[in-house]
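Below: the structure, in structure tokens.
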Amino acid sequence: MVSAFIRNLHESFQSFPLSKKVLLAPRFADGQMWLHQVCRAYGHVLNVEVQTIESIALKQAALKLFQQKKTVIRPQQSFWIIQQIMMELTKGKDPYLSEAMITPGMVSCFHRSIEDLRQAFVHAKDLELSQFIDHRKGAYLREVLLRYEKMLHAHHFVDQMLIAQLVDVEKDDTIFIMPENSSLTQARQMILQTIAGERLVKPMVGLPFTASESDFPADKAQLFHATGTLAEVREVMRRVLSHENPLDQVEVIASNYEAYASSIHTLSSELDISCTYGGGLPLQYARMGRTLLKLVHWLENDFPIADFIALLRDGGLSLRNIDESIRSSEWIRTLENLHIGWGKERYVDLLESIEDGGAVEEKPLLVSLRKVFQGIFATWPSENAWSPAFIMTWLQKIVTKYGTIQNEDDAVIVKEMDDLVASLSSVDAISSSLMKKEVALQYVAQLLSGIRVNGTSTPSPGAIHISSLSGGGLTGRPITYMVGMDEHNWSVASRQDPVLLDEERQRISANLILASERGRLVKIDQNKRLGSINGNVTLSYSSYQIAEGKQASPAFELLQIFRNMQKLLDADYSAMGNALGMPVSYLSHKVINFEENFLPLDSSDLWTVALTDGHDQMRNGRDTLNAEYLHINKGSQAVMNRVSYAITAHDGFIQSDTLVAEMGQRAFSASQLERYAECPMRFYFGYVLGIWSKDEAAYDRTRWLEPTDRGNLLHRIFFEYLKHITAGGSLPTNHDRSIMQSITEEQLTDYKRLIPAPSQHILQKESNEIRQDVEWFYNEELTKTTRPLYFEQELTIDGEPMQLKLTDGTFLTIKGFIDRIDQIGPHTYRIIDYKTGSPAKYRENAYFAGGTQLQHALYALAAEQWLKDTGRDRDAQVTESAYFFPTARGVGREVVRLQDKYEVLTVLVRSLLTSLEQGVYIPTEDAKRCRYCDYATVCVNHAAFMADKKNHPDNAVRLRELLEVEAID
Ligand code: SF4
């Protein structure tokens, strides 16, 4: 059936068969869709071209504009001119708006008001302070308008107000056909009046869709409500797919376009259903868009290297055009190894310093990377000299050079970026205002949000067309879904314009449209447009807003359709609610019960059918799931084994000959054996499987050095100092505070370069703490009577790991470093291990602490053998070991262990090695150890089951050695 509007439009064409006809539409796409509908219903129409009021005005005025050397100002340009004027006005004495108040939102408000005034033919000289409730605001607005008029004049710009004065009556006999439009501005009306004059034909649009006499097929409409946007969209897709109509017979009109278009896009991509989007989709739906947003994030957060690497990794940026032979993974690995952390300066500085000392084969790659970052950071504004133009140009350069264009959307974004940069540069050439980086970034966010992808204003064959409430209902497709018809989405915002209040508008000019009136007129036009929909319609809304956790009411228009449908003119919301019944949920009960041929939409629907009985009750579907998904089955088995008493492979009981052989040949350090005693599973993850957390500098705004970095730095300082002052072999040791301090400063400078600090303040604070720790160390050293001899001594003989002979005559291949060996007296020594943490865990009576404190004994024995075997002292005896806490936190405490328990050490080491070779890599039962463990996400609560497992008699043999070790305190 053809709607009244299309009939009227056709009649208008028929009335002037031979004349040239111009069909005037709000947008070209709207006119094309009207024409398409007419052609589909009545066959070809001749001599009709689609135009907008702006396009015919430009066509008409083109010659005069050329002769007068004038150009038409674009909205984006006028926005920036207003912004610059407002910035200029902040410089005056006692400004109405300060610089901090000139935000993108504020400029948008003034830009809109100035546009409204210009469209209503209001000049600055027409504005009187008495017209404004707030005189200061009136004076400010008048000044902005005055300066804007001067700018237009000085730079030969024209806007619609000026174009209206340039156009003439159309000389030929062209007929202008324009459907009723109640919200035309005065400038547009004047252009239309001048050009078309008496030859304007206005076909009637028809009645609003809610009117009972309209063409809208309310009598056969279907209505439903759903528990959320996604549930509603899924139901629409189920209905679309359940019928046999081609997809390009369907239009979905989304009342809240942004929310619904995104949900539809997500679902249709999953289901591989083609859709066209009248209003496009936001930038982030294209890879290039995501790249731009990530680059903004990179800039905003002081250039964390992780952001740049993520861009290389997901292909948003590529360095292939620098050197095609280098794979992306090589660029990434090199960048990761640089430990840049964050901070613009560190990129080039670190690359330069590593380039100087790096391996020859790495040089070309490092040089290329340096050039990339030198290019990216080539010109840089000072603190308050930022501008949106600079940032947009910077982004454009990066995506042009390194961005990857994979599809049409990516190319559209690059083109849009070019246009935006050109437009900003043209305004910048007139005048520019500089601002803080944060403010400039706000403008950039606004500019980027204006870029749309995947947009096709007219529908395409083979695809569902998604339109908005402000442009829907024009396709003439026979199947229409109107989604999101709730009260909120359909209420007309009668918000006042904050700059030009309605009261002030009335006083200024009758040509100015009131804010309250504008909303009403828009709604009238919209409802009339929807009135021309015919065919099958389904109307729906989400009766529950999941994000806000509250109920939503249907729009009044939905009730009106319900009344028309039921022929019950006084039906109320509760009558409609009763008729609608239960809302449709994410998984439809109609699918579950196979009602009305409803198809399962995806695997979620299918699984719902499989996992529920005919009464919407859940079945125990474990067997079904396990049978279908092998990995879930294995996972379930693993969980069952974890919670049982048995010690299985899922608890880290690994039976492997290769592992046994490997453990038998391995060289162990004391800390590795201690780690095993603490938690065999952690040992297994790290030292057997080789899974370690990534060593990368992560940005923490509250901290410069991680505890390990801090410990390493202090160790380095102590080492350098002792090496320096003992170099001459003088006795007693000649301590020198100035040497200590200068070594400290040298090492601090080195670390500042290696690890970026989040701020100067944190750097200063932590550097001072390091200096204090060094002072503690120095003061403790002054009181020492022993002679420091060897520092960071590696346990090797002739470059090979030592074969340490235990008291039972067996050998252990050992590796590691001893922090320090001091001589106590003739042939007697002590070894020292620096600790920069807390001494709390070193209890006086815990000599081996269940194997977790082995180092003092193992390295004492090793040091003694090393001194003898290397000929340094054939009669050497290491009589004691000390854990030394030479920092403010450890208050210089020493925990001393006399070395008289080598037999127990042998038992302990042998038990640990046997346990390792037997494949026992079970978790600790001490859940406190899991708190800061890197593998906690894998283990989850595994430790909680281990105490019972360890105590179970069935496991006694398997765990004998490990339990023996744990018992030795
Ligand atoms: S989370 Fe706990 S049980 Fe797992 S490896 Fe770490 S310390 Fe061991």
Hey, Asp159 hits all of (1) open to solvent by 40 Å² or more (accessible area, probe 1.4 Å); (2) in contact with a Lys or Arg (Cβ under 6 Å, 6 or more places away or on another chain) but one; which does it fall short on?
(1)
Going residue by residue through segment 531-550, is there one that turns out to be on the phi > 0 side of the Ramachandran plot, assigned to a loop (DSSP other than H, G, I, E, B), modelled with pLDDT under 90 and open to solvent by 30 Å² or more (accessible area, probe 1.4 Å)?
yes
Only residues in segment 166-187 that are in a helix (DSSP H, G or I) count as the first member; pair them with residues that are of a type outside the set (A, V, I, L, M, F, W, C) and modelled with pLDDT under 90, Cβ under 6 angstrom, at least 6 apart or cross-chain, and list the lot.
Ala187/Gln160
Filter segment 489-522 down to residues that are among the charged types (D, E, K, R) and modelled with pLDDT of 90 or more and give me whichever is farthest from the chain's Cα centre (by Cα).
Arg507
Inspect segment 346-362 for any residue being closer than 30 Å to Glu408 by Cβ and of a type outside the set (D, E, K, R) and give the result as yes or no.
no
Determine whether Gln760 is surrounded by fewer than 17 Cβ atoms within 10 Å (Cβ to Cβ) and in contact with a Leu (Cβ under 9 Å, 6 or more places away or on another chain).
no
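For (1) open to solvent by less than 50 Å² (accessible area, probe 1.4 Å); (2) touching a Lys or Arg at 6+ places or on another chain (Cβ under 7 Å), each residue gets a yes or a no:
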{"residue": "Phe176", "(1), (2)": "yes, yes"}
{"residue": "Glu180", "(1), (2)": "no, yes"}
{"residue": "Ala187", "(1), (2)": "yes, no"}
{"residue": "Met190", "(1), (2)": "no, no"}
{"residue": "Glu198", "(1), (2)": "no, no"}
{"residue": "Met204", "(1), (2)": "no, no"}
Over segment 849-863, the set of residues over 15 Å from Leu812 (Cα atoms), assigned to a helix (DSSP H, G or I) and out of contact with any Lys or Arg (no Cβ under 8 Å at 6 or more places or on another chain) is Gly850, Gly851
For segment 270-349, give me every one of the helices (runs of 4 or more DSSP H) that falls completely inside it and has 3 or more residues that are open to solvent by 30 Å² or more (accessible area, probe 1.4 Å) and basic (Lys, Arg).
287-300
Quick test for you: out of Asp750, Asp700, pick the one residue that is open to solvent by 60 Å² or more (accessible area, probe 1.4 Å) and either out of contact with any Asp or Glu (no Cβ under 9 Å at 6 or more places or on another chain) or free of Cβ contacts under 8 Å to residues at least 60 places away in the same chain (or both).
Asp750
Is it true that Glu300 is in contact (Cβ under 8 Å) with a residue 40 or more places away in the chain, more than 24 Å from Tyr544 (Cα to Cα) and charged (D, E, K, R)?
yes
Quick one: Asn955 ticks every box in (1) away from the ligand (no atom under 16 Å from the Cβ); (2) touching a strand residue (DSSP E or B) at 6+ places or on another chain (Cβ under 8 Å) bar one, so which box is it?
(2)
I'd like to verify a number: residues in segment 928-952 that are under 22 Å from Ala849 (Cα atoms), aliphatic (A, V, I, L, M) and near the ligand (Cβ under 7 Å from one of its atoms), how many?
1
With criteria (1) part of a helix (DSSP H, G or I); (2) within 16 Å of the ligand (Cβ to nearest atom), Gly690 comes up short on (1)
Pair list, Cβ < 7 Å and 6+ apart or interchain, from segment 418-429 residues that are in contact (Cβ under 8 Å) with a residue 24 or more places away in the chain and under 17 Å from Leu152 (Cα atoms) to residues that are assigned to a helix (DSSP H, G or I) and aromatic (Phe, Trp, Tyr)
Leu424/Trp80; Val427/Trp80
Within the set of pairs 6+ apart or on separate chains, which have a first residue in segment 66-80 that is more than 10 Å from Leu424 (Cα to Cα), a second that is open to solvent by 70 Å² or more (accessible area, probe 1.4 Å), and C-beta atoms under 6 Å apart?
Lys69/His156; Lys70/His156
Could you list, in sequence order, all residues of segment 699-743 that are outside any loop (DSSP other than H, G, I, E, B) and in contact with a Pro (Cβ under 6 Å, 6 or more places away or on another chain)?
Leu722
Condition check for Gln741: out of contact with any Gly (no Cβ under 7 Å at 6 or more places or on another chain) and open to solvent by 50 Å² or more (accessible area, probe 1.4 Å)
yes
Within segment 615-646, track down each residue that is part of a loop (DSSP other than H, G, I, E, B) and in contact with a helix residue (DSSP H, G or I) (Cβ under 8 Å, 6 or more places away or on another chain).
Asp616, Arg619, Gly621, Tyr645, Ala646
Gly809 passes all but one of (1) in contact (Cβ under 8 Å) with a residue 12 or more places away in the chain; (2) open to solvent by less than 40 Å² (accessible area, probe 1.4 Å); which number fails?
(1)
Considering residues that are assigned to a helix (DSSP H, G or I) and open to solvent by less than 60 Å² (accessible area, probe 1.4 Å), the number found within segment 13-35 is 7
Give just the number: which of (1) surrounded by 15 or more Cβ atoms within 10 Å (Cβ to Cβ); (2) modelled with pLDDT of 85 or more does Asp419 not satisfy?
(1)
Only one of Ser742, Ser730, Ser738 is hydroxyl-bearing (Ser, Thr, Tyr) and at pLDDT below 90, namely Ser730
Among the residues of segment 438-465, which ones are buried (at least 16 other Cβ atoms within 10 Å of the Cβ) and of a type in the set (D, E, K, R)?
Arg452
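The values are calculated or read from the model by the stated rules, or taken from the named source; none is laboratory data. Model, not experiment: these values are computed from the prediction. Methodologically, a virtual Cβ is constructed for each residue, glycine included, from the backbone with ideal geometry; neighbour enumeration extends over all protein chains shown. These accessible areas exclude ligands, DNA and RNA; they are computed on the full protein's heavy atoms, side chains included. Shrake-Rupley method; radii C 1.70, N 1.55, O 1.52, S 1.80 Å.
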